[in-house]
Amino acid sequence: MSTSIPFEKIIYQRLDYPATPTEISDHRTLVRMVRLCGMLLGSLVICTVLVGIQSRTTEQRDEFATFLPAVSSNALESNDVAGDEPPPHTEYAKMARYLVHKAEWVSMGSLSTVDAIKGYPMVNVIAVADSARGEKSTGTLYFYLTMLDYTAQDLSKDNRLTVLLSMDQDLYCSKRGVDPMEPTCARIMISGRAVKLEDGNEEFNFGKDAMFSRHPAAQKWLSTHNFFLCKLEITQIAVLDWYGGPHYVTVDEYMKADPDAQAVTLKMAQPEFEREDDGRTITLKIKKDSTVRHINLEV
């Protein structure tokens with residue numbers, strides 16, 4: 001039969017005679033001191049470990065910081081187009097150019113080469129630019145890819161792709177109470193092929209400068225992960241910016257459209273409006289069949 005003996009009783013036990021009350025008190029004091037020393041030693045070990053973790057975290061943060069762009073006033077500017085207001089929904093080519101010029105990134109779809117989903121559609125977020133920040137629109141999307149990423153791997157086998165761009169990328173629709181899935185929150189789908197640009201020509205330099213302007217971090221990508229510059233060679237453009245389904249824009253129509261052209265102030269022609277004026281308030285009633293979408297008022 002086994003009996004459990006408390007630790008302190010083992011310390012107090014003497015072979016020849018029982019411990020006196022004084023000796024028991026001394027032993028208890030010794031036990032408390034040993035325990036205190038153990039706690040202090042444990043705290044020291046924990047502090048040492050935490051300092052090591054903090055030091056390593058700081059080193060990793062410093063290493064990661066090299067991939068971040070320097071913050072500048074230019075990096076916070078938007079790509080204003082014609083006062084930052086979208087064109088009328090009936091101007092499909094201009095709407096497409098407007099969204100392309102404002103886009104900082106796209107959802108890019110490719111055909112997967114991963115064995116488990118080979119041939120399935122795959123999508124990725126890709127940073128893009130059609131011009132340097134603040135410059136005029138070109139309509140051509142430039143972007144960087146790396147073979148470390150599955151999108152480039154897919155496109156190396158089949159360079160067909162489709163990109164999706166939404167007017168709500170900068171929350172334009174959401175801030176106005178329009179759900180991003182509503183057709184009135186314009187979106188475009190551009191299909192085509194990815195074309196790799198070779199260094200040393202004018203277009204390569206233009207695309208590189210455009211990407212560096214919109215995405216300063218891209219300058220770090222080249223030396224660390226072997227990114228290469230591409231452009232989207234357009235085959236088809238679908239525009240959905242109103243009810244009734246998408247409209248298709250030809251490449252020629254798209255390239256001729258100018259999203260930077262200033263919006264023309266609408267003339268209040270009688271067939272479009274009904275006007276009521278009581279001397280203090282002017283009420284304009286737009287007719288149901290009107291094509292008017294925006295009204296500029298100057299007071």
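Read-outs throughout are calculated quantities, based only on the coordinates presented, and are distinct from any laboratory measurement. Computed from a prediction, not measured in an experiment: that's the story for all the values here. Cβ placement follows ideal geometry from the backbone for every residue including glycine, while neighbour counts extend to all protein chains displayed.
Before moving on, here are some points about what is shown:
- Charge context of THR235, other residues only, Cβ under 10 angstrom, K/R +1, D/E -1: +1
- Between SER191 and GLN219, the C-beta separation translates, for a Förster distance of 25 Å, into a calculated FRET efficiency of about 0.25.
- Entry note, the range 107-243: relative contact order of 30 percent, from Cα contacts under 8 Å with a spacing of 6+ residues.
- Compactness of the range 166-241 - radius of gyration and Dmax, Cα, Å: 16.5, 47
- Per-residue packing, averaged as other Cβ atoms within 10 Å, sorts the ranges 216-223, 153-160 into the order 153-160, 216-223, beginning with the highest.
- Mean shadow area of the range 75-167, taken as a quarter of the surface of its Cα convex hull (nm²): 7.1 nm²
- Placing a label point 7 Å from the Cα of PHE204 along the Cα-to-Cβ direction, the residues of the range 214-232 with a backbone N closer than 12 Å are 228-230.
- Label separation (VAL45 vs LEU30): 2.4 nm, computed from points 7 Å beyond Cα along the C-beta direction.
- Extension gain, LYS136-ASP170: 0.36 nm per intervening residue step, less the Cα-Cα distance, totals 10.3 nm.
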